[in-house]
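Comments concern the structure below.
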Amino acid sequence: MEHVLVVDPDGTPVGTATRARMRAEGLWHACAAIVVRSPDGTRVYVHRRTDTKDVYPGLYDPTCGGVVAAGETPDECAVRELAEELGVSATPSFRFRTPFVDGTIRYVAHVYDVRSDGPFTHQPEEVAWGGWMELAQVRALVDDPEWPVVPDGRLLFREWLRRVTPASAPGSVPGQ
C-alpha cells in the first residue's frame, strides 16, 4: 500500500497517509512538477495523460511529476518522477513552491525545470503521448481556456513563466 507525505497548507510535513485516504479525504500533500525544456530552451516537452489516470485523465500536461512519497523529499520525487514518467535521468533545478487547490485536490507544488534532449521513454500507465512544442505555443495554449490541459499544469506553467523566464533569457517568450 503506497503512503504519501501529508503536509499543512504551508508545506510543513505533518505525517503520512495512504494515497487512497489522501484522495478520499482531500488531505494536503506535496507534489513535484517539472518543466522539461530542450537544451536550447526554445521547446517544452508536453504529454497527454492516459485515460485511466485517477486525476485529470486524458488531458495534456506541460509538466511531469507526481505525489511525494512518505520518506521522500520533493527533490528526490522530482528525480524519480522524471525517470518514471519520461525515462529521463537528470537532476531538475528547484525554482519555487506554491499551493494548488481544485476542489478536494489540495497540495503544495515544488516546481522544477530541467533541460534535456531525452531520449524519452514513456511510462505506459501514465503517458499516452508526448512530444516537443515551441515555448511560445505552450504559453498560448495554457492561456486558451478551450485547450484540454490539466488545471494544475496550466497554473504551474503560467507561474513558472512568470517567475523563471525573463524576457532577456535565451528561449524566452517575447513580452514577458
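The values are calculated or read from the model by the stated rules, or taken from the named source; none is laboratory data. Source: prediction; values computed, not measured. For neighbour counting, all protein chains shown are included, and Cβ atoms are generated from backbone atoms with ideal geometry for every residue, glycine included.
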statement: If we ask which residues in the stretch 146-166 are assigned to a loop (DSSP other than H, G, I, E, B) and modelled with pLDDT under 95, their number turns out to be 2
query: So which residues in the stretch 95-106 are surrounded by 14 or more Cβ atoms within 10 Å (Cβ to Cβ) and either within 14 Å of A78 (Cβ to Cβ) or among the acidic types (D, E) (or both), if there are any at all?
result: R95, F96, R97
statement: Over the stretch 1-54, the set of residues among the β-branched types (V, I, T), crowded, with 17+ Cβ neighbours inside 10 Å and touching a residue at least 24 places away in the same chain (Cβ under 8 Å) is V4, V7, I34, V35, V36, V44, V46
query: Within the set of pairs 6+ apart or on separate chains, which have a first residue in the stretch 77-104 that is free of Cβ contacts under 8 Å to residues at least 12 places away in the same chain, a second that is surrounded by fewer than 17 Cβ atoms within 10 Å (Cβ to Cβ) and part of a loop (DSSP other than H, G, I, E, B), and C-beta atoms under 7 Å apart?
result: A83/S89
task: Given the conditions (1) closer than 21 Å to P9 by Cβ; (2) surrounded by fewer than 24 Cβ atoms within 10 Å (Cβ to Cβ); (3) free of Cβ contacts under 8 Å to residues at least 60 places away in the same chain, report the number of the one that G65 does not fulfil.
output: (2)
- prompt: Taking the stretch 68-94 on its own, how many of its residues are farther than 24 Å from A17 by Cβ and surrounded by 18 or more Cβ atoms within 10 Å (Cβ to Cβ)?
  reply: 4
- prompt: From the set of residues in the stretch 85-134 that are of a type in the set (D, E) and in a strand (DSSP E or B), which is farthest from A30 (Cα to Cα)?
  reply: E134
message: Take the residues in the stretch 43-76 that are touching a helix residue (DSSP H, G or I) at 6+ places or on another chain (Cβ under 6 Å) and in a loop (DSSP other than H, G, I, E, B); name whichever of them is nearest to D143 (Cα to Cα).
response: P62
field: Residue pairs meeting the criteria (Cβ under 7 Å; at least 6 apart or on separate chains; first closer than 24 Å to G87 by Cβ and exposed (fewer than 12 other Cβ atoms within 10 Å of the Cβ), in the stretch 130-150; second of a type in the set (V, I, T) and modelled with pLDDT of 95 or more)
entry: G131/V46
- prompt: Can you pull out the residues in the stretch 109-129 that are more than 18 Å from Y56 (Cβ to Cβ), surrounded by 18 or more Cβ atoms within 10 Å (Cβ to Cβ) and among the β-branched types (V, I, T)?
  reply: V114
